[in-house]
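Data first, discussion second: the structure below is written as structure tokens.
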Amino acid sequence: MPFRPSKRTKKTLLGGGAVVVLAGLNAPAAVSFATAQYHAYEIAQPEYMRQYGAWHGVDIPKEYRTNAIHAALLHTGKVLIIAGSGNKQTHFDAGTFDTVLWNPKDNSFKKIPTPEDFFCGGHAQLPDGKLLVAGGTARYEVLDGEVKRAGGGMRVKNEDPNKPVTLKKGTRFRSPSGVEYVSKFDVTVPRAKREFEISYYASGQMKPWKTKTTAAEARVFVEAVDEGPQSVATDQAQYEVEGLTGKDADNVYGLAEKITLEKQDYQGIRAAYEFDPKAEKYIPVTPMKEARWYPTLTTLQDGRVLAVSGLDDVGAIIQGDNEIYDPKSKKWSKGPFRYFPTYPSLFLTKGGKLFYSGANAGYGPADKGREPGLWDVEKNTFTKIGGLSAADQLETASSLLLPPAQDQRFMLLGGGGVGESKKATPRTAVVDLKQNNPAFTSGPELPQGTRYLNSVLMPDDSVFTTGGSSDYRGRGGSNLLSAQFYDPKANAFREAADPTIGRNYHSEALLLPDGRVATFGSDSLFGDRDNTKPGKFEQRMEIYTPPYLYRDKDKRPALGDGPEAAAADGRATFKTDHPERVVKARLMRPSAVTHTTDVEQRSIELGLTKDKSSVTITVPKDHALVPPGWYMVFVSDAENTPSEAKWLRVD
């Protein structure tokens with residue numbers, strides 16, 4: 001276990017040579033000082049690190065420190081850290097959007113021009129190694145009591161079948177009573193649909209042509225020009241668009257059903273981009289049909305990406321309008337209709353269905369869309385999975401596909417109550433989807449109730465979990481400075497060295513190609529135990545070196561030259577000086593993580609053969625098990641010491 005001084009140890013530390021050092025301290029402070037000093041000494045010892053691992057800070061030049069909201073490992077070995085406006089209203093107002101590219105190999109950093117506010121968007125790995133980034137922030141929330149101007153959604157109608165219409169941000173809408181509202185964003189309304197109808201007399205003769213025009217519609221958030229309750233509108237009415245004349249004035253108008261002084265939630269954007277790891281820049285692609293803030297992007301077995309949930313362009317949770325991105329055409333199409341709360345954890349399973357663990361990141365009613373289950377995307381059917389304890393505490397939970405992926409066992413860890421609830425559960429649970437009637441069974445408990453836990457698949461088939469908080473966004477100084485490994489075979493936790501930096505909301509952790517784990521971010525609501533001082537975003541990074549990297553370095557397995565892509569039969573051969581050391585191989589998909597949600601990471605067992613100078617791995621051909629894309633290949637020895645990874649593309 002990590003060192004916890006006994007009373008006898010504390011007494012020894014306070015005696016003899018320690019008296020001079022501690023003379024100026026009172027007894028409680030002396031014990032605290034001595035404990036900290038001894039702990040620092042203890043965790044730096046080789047035998048300690050061989051058993052528990054060790055944490056080390058990352059030296060980040062000031063100009064590259066950022067509010068890490070999203071983190072993704074790229075096939076270049078670099079990590080894309082996306083802040084966008086970084087949960088800072090001032091950054092948003094100034095249009096200051098941030099992305100930093102970090103190279104763990106040489107600890108170098110690079111600023112990436114960021115064209116949109118990707119804060120609280122979604123992301124997924126694409127087959128060619130690019131990262132799809134979609135959604136983000138169009139407008140920050142305005143809390144109850146702070147809304148001065150009534151606002152809401154305006155449905156803009158266009159009855160002209162000949163042309164679309166674009167209304168720029170700042171367009172004014174006037175009600176029949178003269179109340180004016182101004183649009184907060186550009187909006188484009190397609191042209192109306194014109195349909196031709198043909199009918200016949202009883203004698204068989206054709207009647208004259210008839211046409212039917214159906215108005216097109218788009219929605220935009222508007223705000224009253226004047227402050228006060230006189231601008232509240234609860235009845236449906238038609239609004240004149242200022243600045244339009246002639247037929248345009250007749251064809252284009254607004255319809256608003258509810259404009260209020262109630263809280264205005266965050267609003268999403270439709271923008272979508274691919275980040276190119278080689279060019280190291282964002283490339284725009286076709287925007288989504290729906291604006292999304294807090295969406296989940298899940299890779300399907302054919303390499304397309306399903307975008308699910310989020311808050312829309314007026315701050316309402318999307319009621320089930322999902323869409324699919326095709327990386328070949330760079331376009332979106334309509335997906336199966338199904339409701340989920342925001343950032344739902346949806347995993348691709350063997351057979352192509354999606355498993356919903358129930359873990360999510362918040363927005364949405366407590367009694368809707370929160371039960372775990374298996375979603376058949378093709379048939380759009382959903383089968384609920386029961387057996388879960390603390391089922392009311394799935395928000396801010398962590399979940400993952402346990403290694404190896406062939407076992408189809410999913411784990412859920414921790415979580416809390418809906419919204420700003422103080423509830424936090426130590427519950428873990430595992431479900432085996434290979435069973436006829438799968439249901440969750442209880443796993444070992446975490447040391448205490450934990451929200452925002454980060455969980456990382458490791459190349460030795462363990463799961464590393466770190467950080468979290470026992471309360472909403474670290475209230476009351478509730479960050480948990482602890483870490484542990486979960487062993488799927490033993491169904492038990494074992495301790496790891498404690499991190500020195502607390503991580504809660506807006507934190508991330510991911511596996512690096514060298515076998516270490518990097519941790520980022522944390523956004524505490526308050527900066528003290530009494531909840532009186534505002535919190536400060538944690539910009540420090542910390543890296544965990546697991547115990548397996550403190551074993552004999554000269555005996556660590558190593559892979560040499562090999563192919564860039566697996567062959568058609570799934571095989572790939574890598575040179576190695578010591579094939580006799582290699583006993584197993586894993587194919588690991590790189591993470592793309594935010595808000596404790598990482599549906600990308602997975603670890604696949606590989607076939608393995610050896611000769612005198614090389615090892616050959618064989619990748620399973622099932623794309624529902626191994627979606628197309630770039631992966632890390634790790635090989636391990638009999639002690640579960642992994643090599644550094646080699647990158648391999650699976651088509």
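Beta carbons closer than 8 Å, at least 6 apart along the sequence or on distinct chains, pair a first residue in region 401-430 that is over 29 Å from Met588 (Cα atoms) with a second that is outside any loop (DSSP other than H, G, I, E, B) and polar (S, T, N, Q) for Ala424/Ser469.
In the condition set (1) touching a residue at least 40 places away in the same chain (Cβ under 8 Å); (2) of a type in the set (S, T, N, Q); (3) over 27 Å from Gly121 (Cβ atoms), Thr245 is compliant with all but (1).
So, in region 97-132, of the ones that are of a type outside the set (Phe, Trp, Tyr) and over 16 Å from Tyr282 (Cα atoms), which residue ends up least open to solvent (accessible area, probe 1.4 Å)?
Cys120
The set of residues in region 47-70 being closer than 24 Å to Leu511 by Cβ, assigned to a helix (DSSP H, G or I) and open to solvent by 50 Å² or more (accessible area, probe 1.4 Å) consists of Arg50, Gln51, Tyr64. Selection over region 230-250 of residues that are part of a helix (DSSP H, G or I), of a type outside the set (Gly, Ala, Ser) and either surrounded by 12 or more Cβ atoms within 10 Å (Cβ to Cβ) or on the phi > 0 side of the Ramachandran plot (or both) gives a count of 1.
Kindly provide the set of residues from region 71-88 that are buried (at least 23 other Cβ atoms within 10 Å of the Cβ) and out of contact with any Leu (no Cβ under 8 Å at 6 or more places or on another chain), ordered by number. Those that are buried (at least 23 other Cβ atoms within 10 Å of the Cβ) and out of contact with any Leu (no Cβ under 8 Å at 6 or more places or on another chain): Ile82, Ala83, Gly84, Ser85, Gly86.
Do we have any residue at all in region 429-450 that's within 20 Å of the chain's Cα centre (by Cα), assigned to a strand (DSSP E or B) and surrounded by 21 or more Cβ atoms within 10 Å (Cβ to Cβ)? Checking region 429-450: not a single residue is within 20 Å of the chain's Cα centre (by Cα), assigned to a strand (DSSP E or B) and surrounded by 21 or more Cβ atoms within 10 Å (Cβ to Cβ).
Please go through region 456-506 and pick out each residue that is of a type outside the set (Asp, Glu), within 22 Å of Asn640 (Cβ to Cβ) and open to solvent by 10 Å² or more (accessible area, probe 1.4 Å).
Filtering region 456-506 for residues of a type outside the set (Asp, Glu) gives 456-459, 462-470, 472-486, 488-494, 496-497, 499-506.
Filter once more, keeping what is within 22 Å of Asn640 (Cβ to Cβ): 456-459, 462-466, 483-486, 488-494, 496-497.
Across region 456-506, the qualifying residues are Gln484, Pro488, Lys489, Ala490, Asn491, Ala492, Phe493, Arg494.
Looking across region 157-213 at every residue that is under 30 Å from Glu227 (Cβ atoms) and of a type in the set (Ser, Thr, Tyr), the one that is modelled with the lowest pLDDT is identified as Ser177. Would you be able to say whether some residue in region 219-229 is under 52 Å from the mean Cα position of the chain (by Cα), open to solvent by 90 Å² or more (accessible area, probe 1.4 Å) and at pLDDT below 85? No: region 219-229 contains no residue that is under 52 Å from the mean Cα position of the chain (by Cα), open to solvent by 90 Å² or more (accessible area, probe 1.4 Å) and at pLDDT below 85. Taking the listed residues Pro336, Pro287, the one that is open to solvent by 30 Å² or more (accessible area, probe 1.4 Å), in contact with a strand residue (DSSP E or B) (Cβ under 9 Å, 6 or more places away or on another chain) and part of a loop (DSSP other than H, G, I, E, B) is Pro287, with no other qualifying.
Within region 529-537, can one find any residue that is of a type outside the set (A, V, I, L, M), more than 20 Å from the chain's Cα centre (by Cα) and under 18 Å from Gly468 (Cβ atoms)? Yes, region 529-537 contains at least one residue that is of a type outside the set (A, V, I, L, M), more than 20 Å from the chain's Cα centre (by Cα) and under 18 Å from Gly468 (Cβ atoms).
Hey, can you tell me all the residues within region 106-145 that are closer than 21 Å to Phe185 by Cα and either among the polar types (S, T, N, Q) or without any contact (Cβ under 8 Å) to a residue 40 or more places away in the chain (or both)? If the condition is that a residue be closer than 21 Å to Phe185 by Cα and either among the polar types (S, T, N, Q) or without any contact (Cβ under 8 Å) to a residue 40 or more places away in the chain (or both), then Thr114, Thr137 are the ones that fit.
Examine region 305-312 for a residue that is within 30 Å of Val650 (Cα to Cα) and assigned to a loop (DSSP other than H, G, I, E, B), and state whether such a residue exists. I'd like the intermediate steps shown before the answer.
Restricting attention to region 305-312, the residues satisfying the condition of being within 30 Å of Val650 (Cα to Cα) are 305-309.
From what is left, the residues that are assigned to a loop (DSSP other than H, G, I, E, B) are 309.
Yes: region 305-312 contains one or more residues that are within 30 Å of Val650 (Cα to Cα) and assigned to a loop (DSSP other than H, G, I, E, B).
Restricting to region 513-557, give me the number of residues that are open to solvent by less than 70 Å² (accessible area, probe 1.4 Å) and over 28 Å from Gln601 (Cα atoms). Residues in region 513-557 being open to solvent by less than 70 Å² (accessible area, probe 1.4 Å) and over 28 Å from Gln601 (Cα atoms): 6 in total. If you go through region 629-649 and keep only what is open to solvent by 10 Å² or more (accessible area, probe 1.4 Å) and either in contact with a Cys (Cβ under 6 Å, 6 or more places away or on another chain) or more than 22 Å from Arg581 (Cα to Cα) (or both), you end up with Trp630, Arg649.
The values are calculated or read from the model by the stated rules, or taken from the named source; none is laboratory data. Being a predicted model, the structure only gives us computed values, none of them experimental. Heads up, the Cβs are rebuilt from the backbone with ideal geometry, glycines too, and the neighbour counts pull from every protein chain shown. For the accessible areas, the whole protein counts, side chains as well, though only heavy atoms, and no ligand, DNA or RNA atoms are used. Shrake-Rupley method; radii C 1.70, N 1.55, O 1.52, S 1.80 Å.
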